[in-house]
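The values are calculated or read from the model by the stated rules, or taken from the named source; none is laboratory data. Since we're looking at a predicted model, the values are computed, not measured. Using ideal geometry, Cβ is built from the backbone for each residue, glycine included, and neighbour counts are taken over all protein chains shown. To get the accessible areas, we keep the full protein, side chains included, count just its heavy atoms, and leave off ligands, DNA and RNA. Shrake-Rupley method; radii C 1.70, N 1.55, O 1.52, S 1.80 Å.
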Amino acid sequence: MTFSLEAERLLLRWMPPDDAADLAERRSDPLVAQYQSWIAPYSLAQAQSLIEAVTAHDEPVIGEWAQPVIVRREDGQTGGDLAVRIGEDGHSAEIGYTLHRWAWGNGYATEAAAARVDYLIRDRHVHRVTA
């Protein structure tokens, strides 16, 4: 998959299969999972399955979730992920993010979401984004 998006401190890129252990670790943290739709612990098999599903296409596809990871550019550390789903009308989108606890409070979610919203508006002609 070739998608990548740069922000000032961050890079958003597709999750390769190698990211499964990091995804499982992030989603297994009870505080990270507290308000999410999955239950911790999150297995490596679940992470591998999710990565296969969300990277099946090179770009977000209408009606399906795409989920690039948020990578800190200074050291390549994966801080979390930012999911996006373009609505059936093709002009609305929904986003959500999940960060490792160490990444909380650094503005990474805000920076990643701003870059993603800019992309959605500029390149995908979306005019409404909800989170």
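Inside region 65-76, can you point out the residues that are open to solvent by less than 80 Å² (accessible area, probe 1.4 Å) and either out of contact with any His (no Cβ under 9 Å at 6 or more places or on another chain) or among the acidic types (D, E) (or both)? Before the answer, list the steps.
Within region 65-76, the subset open to solvent by less than 80 Å² (accessible area, probe 1.4 Å) is 66-72, 76.
Scanning region 65-76 gives Q67, P68, V69, I70, V71, R72, G76.
Name the residues in region 1-33 that are among the hydroxyl-bearing types (S, T, Y) and closer than 25 Å to V61 by Cα, would you? Don't jump to the end; show me each part of the working.
The initial filter retains those residues of region 1-33 that are among the hydroxyl-bearing types (S, T, Y), namely 2, 4, 28.
Correct list: T2, S4.
Just the residues that are open to solvent by less than 40 Å² (accessible area, probe 1.4 Å), of a type outside the set (S, T, Y) and closer than 20 Å to Q34 by Cβ, please, taken from region 77-111. Please lay out each step first, then the result.
Taking region 77-111 and keeping what is open to solvent by less than 40 Å² (accessible area, probe 1.4 Å), we get 78-84, 86-87, 90, 92-93, 95-96, 98-100, 103, 107-109, 111.
With of a type outside the set (S, T, Y) added as a condition, the list becomes 79-84, 86-87, 90, 93, 95-96, 99-100, 103, 107, 109, 111.
G79, G80, D81, L82, A83, I95, G96, L99, H100, A103, A109, listed by residue number.
Give me the pairs: first residue in region 112-131 and without any contact (Cβ under 8 Å) to a residue 40 or more places away in the chain, second residue in a helix (DSSP H, G or I) and of a type in the set (D, E, K, R), beta-carbon distance under 9 Å, and six or more apart or on different chains, which are they?
From region 112-131, the pairs are V129/R116.
Answer yes if at least one residue in region 76-85 is out of contact with any strand residue (DSSP E or B) (no Cβ under 9 Å at 6 or more places or on another chain) and assigned to a loop (DSSP other than H, G, I, E, B), and no otherwise. It would help to see each step written out before you state the result.
So the first thing to find is which residues in region 76-85 are out of contact with any strand residue (DSSP E or B) (no Cβ under 9 Å at 6 or more places or on another chain), and the list is none.
The answer is no; no qualifying residue exists.
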